[in-house]
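Notes to accompany the following structure.
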Amino acid sequence: MASYQRNLATATAEFAEVETVRLPTERVFGNNLVALLAQRRVYRQLAARSAGADGVVLDYTDTFWNGSRLGENLFPSFARRLRAPTVLILHEGPGRTDPADISGPFPVKAGKRLVHLALAARDAHSRYYDDFVREKLFSFAAHMVTHSRPLAQSRSKDLPVARVHVLPTPTYTLPASAWSTTEIESRFGLSGKRVAVLLGFPQPSKGFDRAVTCLPHLPADVVFLQVGTSDRSRAQCEALTAHAAALGAGDRFIRAGYLTDPELAAVLRRADVAVAPFRAVHHSSSLGHLIAFGIPIVAADIPSTRELAADGAGLVFADCDDPKALADVVTAVVSDRAFAEELRTLNDTYTRAHGFRSVARFVCGLFGPTTPVLGRAESGVEVPVASGSVS
């Protein structure tokens, strides 16, 4: 998400004066009412900074906004205090609205729960908070932009369809490589290996375990290089390492950990193929990075990857639940130079058409003096460019 925001802010600066407002990332739990109420004030003050702007571009993922639990979610309070027309960029839908964890003797717990309920009712202007989240959470927005048609359809009750727009997944620009090919191979033990990249924080929805399971079916010189980690994904990383070792392929599952953008650029330039065995992902910035580097992608056949293929990206699908079938497709890509080059060419063409400049121009056009006829990028519709400032 940080990379998405940096790229979009840079591209938007070509069309408007941009001020980036950063939200707190430290989680505040509902059990600490004093800290929670203080954090709500911070969010309200940040929202008030939108006064005087011509528009607000607001990213939404469930992991922002202090989580989605009852009483802890700060998004509704923040959104109600925005003072300019807002374009909401929706990356994933809201999570479960379970009650926040609380502790203490019964009277204290009951008091905290009542405060949570009161805060939720105030945010929703209703006693039915779950209904509000399902149907009205994003209704404040002037427009909603997403890179997933299923995600747009799932939020169809929030806004009229004419104000919900699905754009192709944008591709990312990375700086010059930090390492030479020789340095990469020495650092990660890749000399003489064909490299299949798994890019992203490991979590069950990414399905990286399915890729590891296919290792025994791949040629002996093919290794998986997994890039990306976080505190939340550390246990999953360790589970993947143990899984590879149990299959007798521990030396062929290599974890690069967290990489800076220049280091990531170096690794992606060394990759022969990328594997995206996702179970359920609406929008993945990792795919935007892989496409930008022209890397052939072997992907699970799910709605988000089908959309990418329909938009012209160089993906080939595999049955990721079948280790042998997945391995066969990966082997075909790394072994057939002409096939791999065909996929690379598709990704290069996609990248030229769908960078962040296209997203920024479209979004800024939504703040323009006229309402454009909107559609996917291939419609060729000219979108008016707004002047002024965007927060």
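Worth a mention:
- Region 181-353, relative contact order [Cα under 8 Å, separation at least 6], %: 24
- Near the amide H of Val56, within less than 5 Å, lie the amide hydrogens of Thr86, Val87, Ser391, all on another chain or at least 5 residues away, with H placed in the peptide plane.
- Cross-link partners of Lys157 among lysines, defined as those whose alpha carbon lies under 26 angstrom from its own and excluding same-chain residues fewer than eight positions apart: Lys136.
- Note on region 272-315 and region 80-112: Cα centroid distance 32 Å, given to the nearest whole angstrom.
- Between region 1-16 and region 180-232, the alpha-carbon centres lie 29 Å apart.
- Secondary structure note: in the chain, about 0% of the DSSP beta bridges are antiparallel.
- Proximity of backbone amide H atoms, modeled 1.01 Å from N, is registered between Val145 and Leu88, Ile89, Leu90, His165 at under 5 Å, excluding neighbours fewer than 5 places apart on the same chain.
- The value obtained for the chain, namely the Cα convex hull volume divided by the number of residues, is 145 Å³ per residue.
- Close amide H partners of Arg255, meaning residues 5 or more places away or on another chain with modelled amide H under 5 Å apart, are Gln226.
- Taking only the alpha carbons of region 13-79, we obtain Rg and Dmax values of 13.2, 44 Å in that order.
- Under the Karplus curve 6.51 cos²θ - 1.76 cosθ + 1.60, θ = phi - 60°, whole-Hz ³J(HN,Hα) for region 131-146, x wherever Gly or Pro sits: 5, 4, 5, 5, 10, 9, 4, 9, 5, 6, 6, 6, 8, 10, 10, 9
- Table column - 3J(HN,Hα) (Hz), region 180-187, Karplus curve with 6.51, -1.76, 1.60, x for Gly and Pro: 7, 4, 4, 5, 4, 5, 5, 5
- Entry for region 181-353 at q = 0.12, 0.18 Å⁻¹: log10 I(q)/I(0) = -0.48, -1.18, Debye formula applied to identical alpha-carbon scatterers, no solvent contribution.
- When only Cα pairs below 8 angstrom with a gap of at least 6 residues are kept, the chain shows a relative contact order of 19 percent.
- The phi-based Karplus calculation (6.51 cos²θ - 1.76 cosθ + 1.60; θ = phi - 60°) puts the 3J(HN,Hα) values of region 270-276 at 8, 6, 8, 7, 10, 10, 10 Hz, whole numbers, x for Gly and Pro.
FYI, it's all coordinate maths here, none of it is from the lab. Keep in mind it's a predicted model, so treat the numbers as computed, not measured.
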